[in-house]
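Only one structure is covered here, and it is reproduced in the block below.
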Amino acid sequence: MDAVPPQPLLPPPSPTPPPTGRAIVLEPLVTRVLAPNASAYTYTGTQTHLVGTTDLAIIDPGPADAEHHAALMRVVAGRRVGAIVVTHHHRDHSPGARRLAQETGAPIVGAAPFGPDDDGPRADAAFDHDYAPDRVLAEGECVRGDGWTLEAIATPGHTSNHLSFALREMKALFSGDHVMGWATSVVSPPDGDMGDYMASLEKLLARDDRVYYPGHGPEIERPQRLVRGMLGHRKQREGQILRLLAEEARTIPAMVARMYAGLDPRLVGAAGRSVLAHLIDLERRGQVRADGDRWRAGA
């Protein structure tokens, strides 16, 4: 998630949190189960999606939580699990894969294993250092079952290894944390990269997916409209930074205080990481430069 409130393009939060551990059929090939890990960073919790009818893929099995694992196994109900699919290696998305793999015999596939350390404040959970996929999927590679095909779409930015997955038969996209139904993603350097994040949004904007099923928040039924809005939101943040630095050199905390008025104090660290990601991207483009702990306009 990002450290800003939901944008106007997003639906307002539900006054009643959705139930955890309950199978909700979203369409004939897609079932959702919500994990009990709600927080300021995960919204109502991580959403695990099960794809298929006679055999299954399980996308983002979530945290290593016994209650959530039991709920997923109730939905599996003895059916064959062909793959456990992971969008990225944060602890609210991938640790549940290990126990599922042991009990179902399914391979763990998807995002590449753990990369560089990130020493900044985490916004949605720390990295899963024990994540070890049986198969890393590259752009365009597929996982198939009876009546369904999941295609890997590389969407780096939130993390360097982030993948989304297109369900070809339904023109649906499982967007992980790249595009969510309640807020924009935190992009936290060094593993998160704002230039990659923006390029990945542009890539999704060019697609014609009918619906997104994100890792957090409700499904997105007009995804191109939302993606266009998210691109605009990031460009507005970039413009804010450039205007502030045109006035005087500033530290990141000073910029956050001006840019995120009324922000929940728990999210200040996350906001600072996203501002840093913008600054690094602007520095690459020759528009700002670092001067100790301050940033200045110009190369």
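The values are calculated or read from the model by the stated rules, or taken from the named source; none is laboratory data. This is a predicted model, so every value here is computed, not measured. Please note: Cβ atoms are built from the backbone with ideal geometry, for glycine as well, and neighbour counts cover all protein chains shown. Calculation scope for accessible area: heavy atoms of the full protein, side chains included, ligands and nucleic acids excluded. Shrake-Rupley method; radii C 1.70, N 1.55, O 1.52, S 1.80 Å.
Rolling a 1.4 Å probe over the protein heavy atoms of the chain, with every protein chain left in place, gives an accessible area that is 52 percent carbon and sulfur.
Once both labels are positioned 7 Å from their Cα atoms along Cα-to-Cβ, the gap between Ala154 and Ala290 label points is 2.6 nm. Projected onto its three principal axes, the C-alpha set of the chain covers 63, 39, 35 Å, listed from the longest axis down. Sorted largest first, the spans of the alpha carbon positions of the stretch 148-299 along the three principal axes are 54, 31, 23 Å. May I ask what percent, to the nearest 5, of DSSP beta bridges between residues of the stretch 78-220 are antiparallel? The antiparallel proportion sits near 60 percent. Helix-only arithmetic for the chain: the sum of -39500 (n - 2.57) across DSSP H runs with n ≥ 4, divided by the residue total, places the mean residue ellipticity at 222 nm at -9000 deg cm²/dmol.
Full extension of the chain between Arg207 and Glu248 yields a length gain of 10.7 nm, computed as 0.36 nm times the residue separation minus the alpha carbon distance. Placing a pseudo-label 7 Å from each Cα along the Cα-to-Cβ vector at Glu67 and Asp146 gives an inter-label distance of 3.3 nm.
For Arg168 and Arg80, the difference between the fully extended length at 0.36 nm per residue and the C-alpha to C-alpha distance is 29.6 nm.
Evaluate the Debye formula for the stretch 134-237 with equal point scatterers sitting on the alpha carbons, no solvent, and hand back log10 of I(q)/I(0) at q = 0.25 Å⁻¹, in q order, two decimals. Debye intensities relative to I(0), on a log10 scale: -1.50. Compute the signed sum of charges (Lys and Arg +1, Asp and Glu -1) over the other residues within less than 12 Å, Cβ to Cβ, of Asp55. Spelling it out: positives minus negatives among the neighbours equals +2. For the chain, with a Gaussian network of springs between Cα atoms less than 10 Å apart, report the residue from Ala132, Ala246, Ala83 with the top mean-square fluctuation. Looking only at Ala132, Ala246, Ala83, the biggest GNM fluctuation is shown by Ala246. In this simple spin-label approximation, Glu27 and Ser39 carry label points 7 Å from Cα along the Cα→Cβ vector, and these lie 3.2 nm apart. Computed with a 1.4 Å probe on the full set of protein chains, the accessible area for Val25 sits at about 100 Å².
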